[in-house]
1. In nanometres, what is the gap between the two model label sites at B:Trp161 and A:Asp34, each 7 Å from Cα along Cα-to-Cβ?
2. Looking only at the range A:118-155, which residues have a backbone nitrogen under 17 Å from a spot 7 Å from the Cα of A:Val177 in the C-beta direction?
3. Output the pairs from B:Lys25/B:Lys48; B:Lys85/B:Lys143; A:Lys159/B:Lys25 with a Cα-Cα distance over 18 Å in this structure; if there are none, say none.
4. Using a 7 Å offset from the Cα along the Cα-to-Cβ direction at both B:Glu102 and B:Gln69, what is the distance between the two label points in nm, to one decimal?
5. Which FRET efficiency value, to the nearest 0.05, do you get for A:Ala22 and B:Asp31 by plugging their Cβ-Cβ distance into 1/(1 + (r/R0)^6) with R0 = 41 Å?
6. Keeping all protein chains in position, work out how much accessible area A:Val98 exposes to a 1.4 Å probe, and write it in Å² to the nearest 10.
7. At 1.4 Å probe size, put A:Asp32, B:Asp81 in order of accessible surface, largest to smallest.
8. Can you sort A:Phe181, A:Phe78 by solvent-accessible area, 1.4 Å probe, largest first?
Amino acid sequence: MHIADGVLSTPVLVAGIAMTLAGTILGLKKLDDDKIPFAAVLSACFFVASLIHLPLGPSSVHLIFNGLIGLLLGWLAFPVMLVALILQAMFFGFGGIVVLGVNCLNIALPAVMVGALLRPMRHHIPAQLLGFLAGSGAVLLTGIMVSLSLYLSGEAFSKTANVVFWGNLPLSLLEGVISGFIIVLINQVKPEILKGVHSNV
Amino acid sequence: MYKHICLIFILSCCLVNTAQAHRTKVFAWVDGTSVAGEVYFGGGDRAKGANVELLVGEQLVASTNADEQGEFRFERPQPGDYQLKANAGQGHVATFVISADEFLDLSGSAAGTIETQGAEHEDEVGFKNRETCAVLNEAALVKVIQPLRNQLDQYEANIRWHDILGGIGYILGLFGLWSLMRTRRG
């Protein structure tokens, strides 16, 4: 998921930076005072989730939790993930510095999309299913966005898309199940978190 | 109770996996006359079948795929400054540089075998022998140091606890700062 420096073409990089900037500004505008501690905790959670890493096929995958963050925070996903991605790039060398914009867009935009789609349904479907759909849907969308950025930079789309899709399918199922459990847990322990999220739509 | 079990599970996940990361690395060395190397992800998982390119400047010289162990080898490249570029797919790209002085200087002994056919002076042959000895010594030294260099490279890719805790600290601190700014303005 973390694309390295020197892979993408300049137009893709610039577009990524511009869109991430726009998303981050929008997110910061929606960041109410009472949401700040919660956003900080989820940002830390995302930061650590990328370290839980599973060998899978020729590549290796790690949890992202972007579906969960999109469901709970909406547009706040942009600033929350940007902070964590900057630190990951600086401390661990996950992905490059110039591609931060594209990497953040690839992870945060699916989060926002999944959140916008699923949040209205949260009272109509069981919490487990809600978490599963958010988790797996966001990972698949991120996979598509990663292949799209590689394709726009000149790699053969069908090949990368194939690899990314099949590589991400097991991850998306796993992430769906784990996100499902987390949503169930949140629903039991602090149901007001799920109820209160509509203020950020 | 359920809450606590979940918390313990999540924490233990973090504990087990702190040594693993998602950073691609390529490491290579001169092995005799060829360039050997390996592609791996931070934490030590090998990148099977990754595409590896040998470049001079921006020019592609040779290309190969890593095997099941993530290892690759370029046979007999000309000594020179090389860049290696490994692509493990999905934007996982890593680069590595091999400089010309890592290659063993075989030119002296190779040229010697031809020259000695003409004038066979005793001390000249002795000099060539000494030179061959030096080359062999150097080769042996490189072989001994190699595992150490490997280990150092992998150690550098590992993630350590203080990095993770520092990162979490940064995140909470940044949001705290933001919160402070908001309350001052309000």
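The values are calculated or read from the model by the stated rules, or taken from the named source; none is laboratory data. Please read these numbers as outputs of a predicted model, since none were measured by experiment. Neighbour counts are summed over all protein chains in view; Cβ atoms, including those assigned to glycine, are modelled from backbone coordinates with ideal geometry. Side chains are part of the model used for accessible areas, which takes the heavy atoms of the whole protein and leaves out ligands, DNA and RNA. Shrake-Rupley method; radii C 1.70, N 1.55, O 1.52, S 1.80 Å.
1. 3.8
2. A:128-137, A:139-140
3. On the way: B:Lys25/B:Lys48 13 Å; B:Lys85/B:Lys143 23 Å; A:Lys159/B:Lys25 22 Å.
From B:Lys25/B:Lys48; B:Lys85/B:Lys143; A:Lys159/B:Lys25, over 18 Å: B:Lys85/B:Lys143; A:Lys159/B:Lys25.
4. Result for the modelled spin labels: 1.8 nm.
5. Details: r = 50 Å, r/R0 = 1.22.
After rounding, the FRET efficiency stands at 0.25.
6. Taking all protein chains as shown, A:Val98 has close to 80 Å².
7. Working: A:Asp32 55, B:Asp81 90 Å².
Largest accessible area first, the residues go B:Asp81, A:Asp32.
8. On the way: A:Phe181 100, A:Phe78 0 Å².
Largest accessible area first, the residues go A:Phe181, A:Phe78.
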